[in-house]
1. Listed highest first by mean packing, meaning other Cβ atoms within 10 Å per residue, what order do 10-17, 125-132, 114-121 come in?
2. What ³J(HN,Hα) values, in whole Hz, does the Karplus curve 6.51 cos²θ - 1.76 cosθ + 1.60 give for the range 16-24 when θ = phi - 60°, with x put for Gly and Pro?
3. Roughly what would the spin-label model give for residue 27 and residue 42, points 7 Å off Cα along C-beta, in nm?
4. Can you give the relative contact order of the range 93-135 as a percent, counting alpha carbon pairs under 8 Å and 6+ residues apart?
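Please treat every number below as a calculation from the coordinates, not as lab data. The structure displayed is predicted, hence computed values, not measured ones. Glycine also receives a Cβ, built like all others from the backbone with ideal geometry; neighbour counts cover every protein chain displayed.
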Amino acid sequence: MDKAVKELAKEVKKLRKENEKLAKAVEKSREDQAKSSQKVLDLLEERLSTRDAGADEVEDQPDHDEDGGFVTAETAEESGVEEAPEAQQDIQEGPEVTGAAKRRAEELGVDPSGVEGTGSGGRVLVKDVEAAAGQ
């Protein structure tokens, strides 16, 4: 029985040491987490203060009008202001064509700008290109 008690005491001692190691690891992990959280908070605060400081400069930005509103193709035309880059990108020649439909049109020798699209918002689909090609 003495031997069993000694073995149990030895095992308890090992477990206590392991427990201490784990407690130290958890503490270190918490410290690291706190440091990381503080870095994130500092970055957020920096970004927010930069954004707030930039709010006063809205009139200097070419995509805003004198009232701070966004310049669109229509408002740019009315006021004689150059179009915002986003508005220029929205203007397309002909219907919107999916990438797959463009490739299929090239294979079949069909001009996709002359194809009537049946997709969402008139988008030209592969089946529309094939129908235009007579397939």
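1. Per-residue mean Cβ counts within 10 Å order the peptides as 125-132, 114-121, 10-17.
2. 5, 4, 4, 4, 4, 4, 5, 4, 5
3. 2.4 nm
4. With pairs under 8 Å counted, the relative contact order is 44 percent.
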